[in-house]
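Visitor: Sharing a structure here in structure tokens format.
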Amino acid sequence: MIKAYILILTYVGNLKAVLEEMRKLENIESIAVVAGDYDIIVKAKVNSLEELMELTDKIHAIKGVKRTNTQVIEKEIET
């Protein structure tokens, strides 16, 4: 199982529409709207890097998405 954070930058005025489309996608554990350099952080859970690439391709295809940055999780630490 591969987990990753996908940081998403949207075009101004498109956040709500992007969120609506992202909720339809599979393999997403959570979606967070954040302040800072990106607008959305998605936590994804997939079976392979190929599936992760397919998911990011689907995110790129959403109208209003400007750019993504994918960070594969190497290790999660419970507190």
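Visitor: Assuming E50 fulfils every condition listed in (1) under 14 Å from the mean Cα position of the chain (by Cα); (2) not in a loop (DSSP other than H, G, I, E, B) apart from one, which condition is it?
Guide: (1)
Visitor: Within the stretch 48-79, work out how many residues are of a type in the set (S, T, N, Q), farther than 16 Å from M1 by Cα and exposed (fewer than 12 other Cβ atoms within 10 Å of the Cβ).
Guide: Summing the residues that are of a type in the set (S, T, N, Q), farther than 16 Å from M1 by Cα and exposed (fewer than 12 other Cβ atoms within 10 Å of the Cβ) in the stretch 48-79 gives 1.
Visitor: State the number of residues belonging to the stretch 45-79 that are in contact (Cβ under 8 Å) with a residue 40 or more places away in the chain and basic (K, R).
Guide: The qualifying residues number 4.
Visitor: Checking T10 against (1) of a type in the set (S, T, N, Q); (2) over 19 Å from E76 (Cβ atoms); (3) surrounded by fewer than 18 Cβ atoms within 10 Å (Cβ to Cβ), which test does it fail?
Guide: So T10 meets the others, but not (3).
Visitor: Within the stretch 10-40, track down each residue that is over 10 Å from the mean Cα position of the chain (by Cα) and part of a strand (DSSP E or B).
Guide: If the condition is that a residue be over 10 Å from the mean Cα position of the chain (by Cα) and part of a strand (DSSP E or B), then T10, V33 are the ones that fit.
Visitor: Could you go through the stretch 30-51 and let me know if any residue there is of a type outside the set (A, V, I, L, M, F, W, C), modelled with pLDDT of 95 or more and in contact with a Phe, Trp or Tyr (Cβ under 8 Å, 6 or more places away or on another chain).
Guide: Yes.
Visitor: Could you tell me how many of the residues in the stretch 1-48 are in contact with a helix residue (DSSP H, G or I) (Cβ under 8 Å, 6 or more places away or on another chain), among the aliphatic types (A, V, I, L, M) and within 17 Å of N69 (Cα to Cα)?
Guide: Residues that pass the stated criteria total 12.
The values are calculated or read from the model by the stated rules, or taken from the named source; none is laboratory data. Keep in mind that what you see is a predicted model, and the values were worked out from it rather than measured. Note: ideal-geometry Cβ built from the backbone for every residue, glycine included; neighbour counts use all protein chains shown.
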